[in-house]
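Notes follow once the structure below has been shown.
The values are calculated or read from the model by the stated rules, or taken from the named source; none is laboratory data. Model, not experiment: these values are computed from the prediction. Cβ: placed from backbone, ideal geometry, glycine included. Neighbour counts: every protein chain shown.
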Amino acid sequence: MESQNKKQRGGKWTENQLKAALEAVQKGKMSQRKAAATFNVPRRTLRNHIKSGSTKKIIGRTPVLNKTQEKDLCKRVIRLAQVGLPLTSKIVRKQAYEFCKANSIPNSFNDNKNIAGKKWLKNFVKRNPEISLRRAQLMNPARAQKLNKYIVQQHFNAIKTIYEDLNICNHPERLYNMDEKGCRLTIHHQHKVFAAKGTKRVHFVAQEHAENVTIAMCVNAAGNSVPPMVIFKGKRLRPEFCDNMPPGTLVKMGTKGSMTTELFVEFINHLGQFKSQGKCLLIFDGASSHLDARIVDAADAHDIVLYCLPSNTTHELQPLDKSVNKSYEHFWDEEVLLYAYQHPGRKLTKTRFSKIFTKVWSKCTTKENIINGFRATGLFPYDPNAIPEEAYAPSALTQLPNPRDIEQNVSSINDSTSDIMSASRTSIIRSSLLSPRRDNMSDTDVTDCEENLKNLSPSILTENAANEWTGVIEQRNVQNPQSSNHITKLVDYSSSLESNMDLQEQLQMQPFLNINFRYSSPVPTTSGTSNIQPRPRLNSITSDSSEEEGITTFLKNFQYPSKLIDIYTSSSDSNEENLNPNFTELLPISEQMQIQSEDSEDNLPLLKLKNSPHHVP
């Protein structure tokens with residue numbers, strides 16, 4: 001039997017008991033030993049609180065980093081994860097060690113490995129539950145750059161125009177989305193299985209490099225699905241490939257087992273047999289096999305309006321990617337594992353593909369799953385704000401200021417301070433890429449920030465924490481030059497901005513996003529032509545009218561002059577070459593020579609260009 005007089009451990013005392021014990025000792029009513037026994041507070045704990053004068057209950061050892069430093073680290077970890085640069089546990093431990101060494105903070109970290117301990121990281125995560133370990137998904141840099149508010153806004157504006165013309169808001173059954181899904185004849189992901197504890201080798205016998213099958217899916221906003229199109233690799237279609245498929249499935253063969261332009265034209269004809277009555281809208285991605293004039297001809301024959309999503313944005317703007325495709329891999333692996341257990345030793349082939357695919361297709365294309373995909377992308381119901389703010393965070397690394405906004409701000413300032421204003425504006429943008437923005441701040445808030453900068457803990461990561469307030473302080477210095485004498489400059493201006501350079505010349509030096517939006521979107525239609533209005537490219541201050549006139553002349557001489565622009569899109573960043581690989585061969589030889597000469601003149605100096613026979617003064 002345990003002794004009843006055993007000392008209580010584990011911090012079972014409260015702060016009220018601690019305060020009462022401290023008051024009794026400080027007033028001389030009790031000794032430390034008697035007060036500790038009376039109020040059930042450990043004597044050593046009471047002695048430490050008497051020395052420090054603190055009445056706050058603290059259990060365990062004092063953390064290496066104080067609360068301000070840990071909160072600073074948490075904010076930066078979260079922000080870096082939002083912009084697509086998440087930190088691993090090992091990097092956080094290394095940064096914590098380097099921070100403590102640089103600022104002479106006492107610690108018990110490993111000096112041989114130059115890293116903080118795993119136990120410190122575990123306790124750090126417990127003290128800061130707002131962060132946790134997650135499995136990061138790889139994102140193409142182009143996707144991080146293209147998914148920004150400007151492109152998404154253009155996309156929703158184009159969609160709204162089409163909805164009004166086709167009355168999609170009242171007829172969701174006319175809104176379709178199409179996408180291809182590659183399916184391997186094996187499991188897609190590694191799964192956790194049971195084995196003996198401590199086992200180092202756990203294997204699952206399955207094919208490592210299996211053949212790929214392409215499935216062309218199509219669903220509408222009402223929650224209905226069109227029978228799929230299955231593309232096998234090969235040349236000869238065997239009858240058994242079509243057995244046990246979902247009703248209405250179109251089975252085709254491809255040289256590489258992937259979608260081609262000819263197969264996509266057949267898919268459009270296949271969709272025309274199952275689509276709703278009236279003019280329908282088909283949304284798809286901008287793959288090269290989807291951009292051809294023959295596809296437009298097939299769509300016109302079935303009253304289908306084509307809309308191409310902006311490039312590298314389908315992971316957030318395409319309904320099938322948000323719902324059906326994600327669940328497809330889960331159910332596919334589930335059925336493949338069950339098939340392997342029921343038929344050990346059997347190889348999953350194209351002949352046996354239909355037995356698994358039919359079960360998976362009915363599970364992933366449920367009405368609720370399809371509708372959720374359209375709702376998540378804001379296509380139906382129409383909601384431009386459906387994309388969360390965190391989805392735009394990775395584009396912050398490539399985001400640059402709008403030149404028109406800078407011109408308006410500079411024009412409102414006196415001529416004597418215009419040069420300083422342009423330099424500070426540029427520095428504000430550069431210093432605030434990785435820090436949350438502070439808008440609508442008063443002078444009192446800025447003063448408090450300046451006072452906090454003096455006592456602010458050094459940043460644990462590379463960038464100083466004071467950079468978060470740099471833009472606010474620098475902006476106030478420009479408006480009140482007299483108050484900038486006692487404030488330390490936190491940003492170094494480049495020599496090019498300090499010169500008396502004209503604002504237009506400064507803007508031309510800024511590297512804008514490498515996106516070529518040459519034309520505005522044509523009016524949605526399935527027949528006839530549309531007026532194309534040129535607009536300036538983002539990577540230049542003014543548009544090149546001569547270049548646009550040359551492209552317009554070339555489009556008029558194309559083989560399909562009336563069908564070329566009927567694929568409706570929110571941006572025209574796709575190359576015209578995708579419409580026909582041999583587009584230059586369709587022109588007369590004289591015009592081909594003229595295009596080649598015009599292209600070669602783009603790289604000539606101005607002096608030689610004037611002497612060129614093609615130059616028009």
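Name the single residue that is nearest to Ile105 (Cα to Cα) among those in the range 117-133 being assigned to a loop (DSSP other than H, G, I, E, B) and in contact (Cβ under 8 Å) with a residue 40 or more places away in the chain. Walk me through it before giving the result.
Step one: list which residues in the range 117-133 are assigned to a loop (DSSP other than H, G, I, E, B), which gives 117, 128-133.
If we keep only those that are in contact (Cβ under 8 Å) with a residue 40 or more places away in the chain too, we end up with 128, 130-131, 133.
Numbers: Asn128: 20, Glu130: 25, Ile131: 24, Leu133: 26 Å.
Only one residue fits best here, namely Asn128.
Would you confirm whether or not the range 279-294 contains a residue that is touching a residue at least 60 places away in the same chain (Cβ under 8 Å), touching a Cys at 6+ places or on another chain (Cβ under 9 Å), charged (D, E, K, R) and over 28 Å from Asp333 (Cβ atoms)?
no
Please indicate, with yes or no, whether at least one residue in the range 234-255 is aliphatic (A, V, I, L, M), in the same structural domain as Met178 (by TED's automatic domain parsing), touching a Cys at 6+ places or on another chain (Cβ under 6 Å) and free of Cβ contacts under 8 Å to residues at least 40 places away in the same chain.
Yes; the residues of the range 234-255 include at least one that is aliphatic (A, V, I, L, M), in the same structural domain as Met178 (by TED's automatic domain parsing), touching a Cys at 6+ places or on another chain (Cβ under 6 Å) and free of Cβ contacts under 8 Å to residues at least 40 places away in the same chain.
Please verify whether Lys233 is over 22 Å from Trp332 (Cβ atoms) and not small (Gly, Ala, Ser), treating the condition exactly as stated.
Details: over 22 Å from Trp332 (Cβ atoms): no; not small (Gly, Ala, Ser): yes.
No.
Is at least one residue of the range 322-334 out of contact with any Phe, Trp or Tyr (no Cβ under 9 Å at 6 or more places or on another chain) and surrounded by 21 or more Cβ atoms within 10 Å (Cβ to Cβ)?
yes
Determine if the range 263-273 includes at least one residue that is assigned to a loop (DSSP other than H, G, I, E, B), in the same structural domain as Val360 (by TED's automatic domain parsing) and more than 29 Å from Arg346 (Cβ to Cβ). Steps first, answer last, please.
The first filter runs over the range 263-273 and keeps only residues assigned to a loop (DSSP other than H, G, I, E, B), leaving none.
Within the range 263-273, none of the residues are assigned to a loop (DSSP other than H, G, I, E, B), in the same structural domain as Val360 (by TED's automatic domain parsing) and more than 29 Å from Arg346 (Cβ to Cβ).
Within the range 346-405, how many residues are basic (Lys, Arg), surrounded by fewer than 16 Cβ atoms within 10 Å (Cβ to Cβ) and part of a loop (DSSP other than H, G, I, E, B)?
Going through the range 346-405 one residue at a time, the tally reaches 2.
From the list Arg76, Arg61, Arg93, which residue is within 50 Å of the chain's Cα centre (by Cα), within 21 Å of Lys126 (Cβ to Cβ) and exposed (fewer than 13 other Cβ atoms within 10 Å of the Cβ)? Steps first, please.
On the way: Arg76 fails: exposed (fewer than 13 other Cβ atoms within 10 Å of the Cβ); Arg93 fails: exposed (fewer than 13 other Cβ atoms within 10 Å of the Cβ).
Just one listed residue meets the conditions, Arg61.
Just checking, how many residues over the range 187-215 are within 15 Å of Val360 (Cβ to Cβ) and in contact with a helix residue (DSSP H, G or I) (Cβ under 7 Å, 6 or more places away or on another chain)?
4
Can Phe264 be described as of a type in the set (A, V, I, L, M, F, W, C), at pLDDT below 95 and over 20 Å from Glu173 (Cβ atoms)? So that I can check it myself, show each step before the final result.
Working: of a type in the set (A, V, I, L, M, F, W, C): yes; at pLDDT below 95: no; over 20 Å from Glu173 (Cβ atoms): yes.
Taking the combined requirement at face value, the residue does not satisfy it.
Considering each residue of the range 300-344, count those that are of a type in the set (S, T, N, Q) and not in a loop (DSSP other than H, G, I, E, B), and give that number.
Selection size over the range 300-344: 4.
Quick check on my filter: what residues within the range 298-354 are on the phi > 0 side of the Ramachandran plot and either touching a Cys at 6+ places or on another chain (Cβ under 9 Å) or not assigned by TED's automatic domain parsing to the domain that holds His155 (or both)? Lay out the reasoning, then the answer.
Our first condition is that a residue be on the phi > 0 side of the Ramachandran plot; within the range 298-354, this holds for 303, 312, 345.
Answer for the range 298-354, where residues must be on the phi > 0 side of the Ramachandran plot and either touching a Cys at 6+ places or on another chain (Cβ under 9 Å) or not assigned by TED's automatic domain parsing to the domain that holds His155 (or both): just Asp303.
Could you list, in sequence order, all residues of the range 170-204 that are exposed (fewer than 14 other Cβ atoms within 10 Å of the Cβ) and among the hydrophobic types (A, V, I, L, M, F, W, C)?
Of everything in the range 170-204, those that are exposed (fewer than 14 other Cβ atoms within 10 Å of the Cβ) and among the hydrophobic types (A, V, I, L, M, F, W, C) turn out to be Val193, Phe194, Ala195, Ala196, Val202, Phe204.
Looking at Lys90 and the list (1) in contact with a strand residue (DSSP E or B) (Cβ under 8 Å, 6 or more places away or on another chain); (2) of a type outside the set (Val, Ile, Thr); (3) closer than 30 Å to Val251 by Cα, which single condition is not satisfied?
(3)
Between residues in the range 152-180 that are touching a residue at least 40 places away in the same chain (Cβ under 8 Å) and β-branched (Val, Ile, Thr) and residues that are in a strand (DSSP E or B) and surrounded by 15 or more Cβ atoms within 10 Å (Cβ to Cβ), which pairs lie under 7 Å by C-beta distance while being six or more apart or on different chains?
Once the first residue is touching a residue at least 40 places away in the same chain (Cβ under 8 Å) and β-branched (Val, Ile, Thr) and sits in the range 152-180, its partners that are in a strand (DSSP E or B) and surrounded by 15 or more Cβ atoms within 10 Å (Cβ to Cβ) give Ile162/Leu281; Ile162/Val305; Ile162/Tyr307; Ile162/Tyr568; Ile168/Leu175; Ile168/Leu281.
Out of the residues in the range 46-58 that are in a loop (DSSP other than H, G, I, E, B) and touching a residue at least 12 places away in the same chain (Cβ under 8 Å), which is surrounded by the fewest Cβ atoms within 10 Å (Cβ to Cβ)? Write out each step before concluding.
The first filter runs over the range 46-58 and keeps only residues in a loop (DSSP other than H, G, I, E, B), leaving 53-58.
In the following step, the residues that additionally are touching a residue at least 12 places away in the same chain (Cβ under 8 Å) were identified as 55-57.
On the way: Thr55: 13, Lys56: 8, Lys57: 15.
Within the range 46-58, the match that is surrounded by the fewest Cβ atoms within 10 Å (Cβ to Cβ) is Lys56.
Taking the range 121-136 as the region of interest, how many residues are within 11 Å of Pro86 (Cα to Cα) and of a type in the set (A, V, I, L, M, F, W, C)?
Start the filter on the range 121-136 by keeping residues that are within 11 Å of Pro86 (Cα to Cα), which leaves 133-136.
Among the residues that remain, those that are also of a type in the set (A, V, I, L, M, F, W, C) are: 133, 136.
Residues that pass the stated criteria total 2.
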